[in-house]
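A quick write-up on the structure given underneath.
Every number in this text was worked out from the coordinates using simple rules, so none of it is lab data. This is a predicted model, so every value here is computed, not measured. Cβ atoms come from the backbone with ideal geometry, glycine included; neighbour counts cover every protein chain shown.
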Amino acid sequence: MTKSELKREEIENIYKWDLTPIFKDIKEFDDYYNKVKNEIKDVQKWQGQIVLNGKNLYNYLKSSDEIERKIYKIYYYAHLNYDSDSTNTLYQELENKATILLNEYEKISSFVSPELMTIDYDKIKEFYLEEPKLLEYEFILENLYRFKPHILSKEEEHILSIMSKTFDNPEKTFESLTDTDMTFGTILDENKNEVTLTESNYAIYIASKDRNVRKRAFELLFKTYSNFKNTIANTFKGNVDVLTSISQIKKYNNSIEAALFQDNVPVSVYQNLIDTVHQNMDKIYNYYQLKKEVLNLDELHSYDIYAELVQDLDKNYSFDEAKKLVIEALSVLGNDYVTNLNKAFDEKWIDIYPNKGKRGGAYSSGFYDTKPYVLLNFEGKFHDVSTLAHELGHSMHTYYSCKNNPYQYSSYKIFVAEVASTVNEILLNKYMYNKATDKNEKLFLLNQLLELFKSTIYRQTMFAEFEMNIHKRMENGEVLTEKMISDYYYSLNELYFGKDVHLDDLIRYEWERIPHFYYDFYVYKYALGLSAACYIVDGILNNKENALENYLNFLKSGGKDYPMEELKIAGVDISKKEVIESALNMFEATIEEFKKQYK
């Protein structure tokens, strides 16, 4: 019996995370929950009071932090337990109670932003003089007031609030159609067995070593999508319409500016990513030439892109071996980092093995008053070792952020979240490569990096360019037809794949299956995150002056500044093309190293 078939109680406790530092048992959780449930009602007493003077505002913010911490302590305990075993009815109840409590608090405290917006920031500056302790919240208030030019009247905001549920309809319709209603039929796998093709297993078959399986999977998936092209085009158009309309109503210049405003990122940064990648297309073309050669193909088709240059290593790692590899690989980050990293293992932050009812995949989750816990489904392959390093990158970022900041500045933005995790991933890969003596292992590790660059920088930038230009076309008055969208997507594929890849016509429908196009200009963060990570790794491994110290200071910065400014602490200015070029140069060097080892 595999571990994934075991019940939760059949997994030894030494392999489970320890949540008792949050609550020692369910009774303590329930007592605490009931107490906090009554306390959140006290928030209402602040309504109409917070902008009377600086002292009131400070006292409200402090009390708000205290109640938030209590709510999130409840929430994290509930969600971590639920994710460890969703079949447990007690955990289902905990998770439901925590969600209700969080929603109730958000509802009760919804008066805060509208009330603050009744005064100008100049008044807040007077409050700083009245109550100097309010300066503890200066950045939070400054950031909040950035949005004031885009906040409507109370009545108008109320109307938007009522309408907000309908704004999600395009995404929900897309999800229902692609996750539930669409079926793709069957194909023959490598062993000539008839299997049902799904969105979930498509990734397996499109990477098959059997070219006929890849071709069958590709054609079946995209022929099915082509049958729904008009429906999905209208769903996508509806989402673009929503963003465009809201950006106009909120007085932004366009939808991309509205989306990037959240992180205080200028549109020029987004455009610079696209421009820099365009200037480095020769590198991805070189990669596809290499893939064509290694796969020994006369013609590289769209369905060959995901075929691995090197098959997965026939090698298994115990968790203890994975732990040792990760600690050794990350030792370049210094003694303090390794000392704190060891706490993840010694203090049982990690839930290691799969079990029935456990959430799939992996994540790091925690906040100011908990450990930064890691959920894994460790099976012993290289991917699992890399995932351990990746998730511990998140956890160490959270650990340093919480240890070096007050609560209000302890959470970092999603924009920078993937930097620390990807730094760890790259350091592990390079450490294992330098340690490897087997040629196939070296080629495998190089291939892992090549796939990371291809999928995270070039592919995500292509998506970012597609999203930006489709929005521009609507804002310029063009009608978004299915043909126009699909033709444009096909032309982008021509640019990003080059003349050495034979584009099969069905690739024009690939845009239909990308859920990120409903996430409001999100994908560029993946490409910039990897670029920043490569720049940091390059500095650390080459002993660039202050590179390590700057990186550790970045990890400690939490959320006390805008994401771009925090990255500058690490010596990374993502508005500069040299940061992106650092990653693309690493990609090129990896291609050349692969060629050298492959001979």
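Relative to the longest principal axis of the chain, what angle (0 to 90°, nearest 10) does the C-alpha long axis of helix 89-108 take? Once rounded, one gets 60 degrees. Look at the alpha carbon pairs under 8 Å that are at least 6 residues apart: their mean separation over the length of region 469-599 gives a relative contact order of 19 percent.
Under the criterion of Cα pairs below 8 Å and six or more residues apart, the relative contact order for the chain equals 18 percent. Sorted ascending by nearby beta carbons within 10 Å, beginning with the fewest, Phe466, Phe184 become Phe184, Phe466. Of Leu388, Leu480, the sequence from fewest to most neighbouring Cβ atoms within 10 angstrom is Leu480, Leu388. Suppose the Debye formula is applied to equal point scatterers at every Cα of region 3-151; what is log10 I(q)/I(0) at q = 0.11, 0.15, 0.21 Å⁻¹? Log10 of I(q)/I(0), two decimals: -0.57, -0.84, -1.23.
Suppose only helical runs count, i.e. DSSP H with n ≥ 4. What mean residue ellipticity at 222 nm does that imply for the chain under -39500 (n - 2.57) per run, divided by all residues and rounded to the nearest 500 deg cm²/dmol?
Working: 25 runs with 361 residues, N = 599.
It lands at -19500 deg cm²/dmol.
Peptides 350-362, 140-152 ordered by packing proxy, namely the average of other Cβ atoms within 10 Å per residue, highest first: 350-362, 140-152. Local charge for Lys229 was computed over the other residues whose Cβ lies under 10 Å away, with Lys and Arg +1 and Asp and Glu -1, and equals 0. Entry note, region 379-469: relative contact order of 26 percent, from Cα contacts under 8 Å with a spacing of 6+ residues.
Taking 20 °C and 1.002 mPa s as the conditions, I'd like the Stokes-Einstein D for region 515-567 in µm²/s, using the Kirkwood hydrodynamic radius from alpha carbon pairs. Estimated via Stokes-Einstein, D reaches 170 µm²/s. Counting every other Cβ atom within 10 Å of each residue's Cβ, Met117, Met396, Met586 order from fewest to most as Met117, Met586, Met396. If you wrap the tightest convex hull around every Cα atom of region 185-227 and split its volume per residue, you get 56 Å³. Taking the longest Cα principal axis of the chain as reference, the axis of helix 267-278 is set at about 10 degrees.
Between the helical axis of 211-227 and the longest alpha-carbon principal axis of the chain there is an angle of about 50 degrees.
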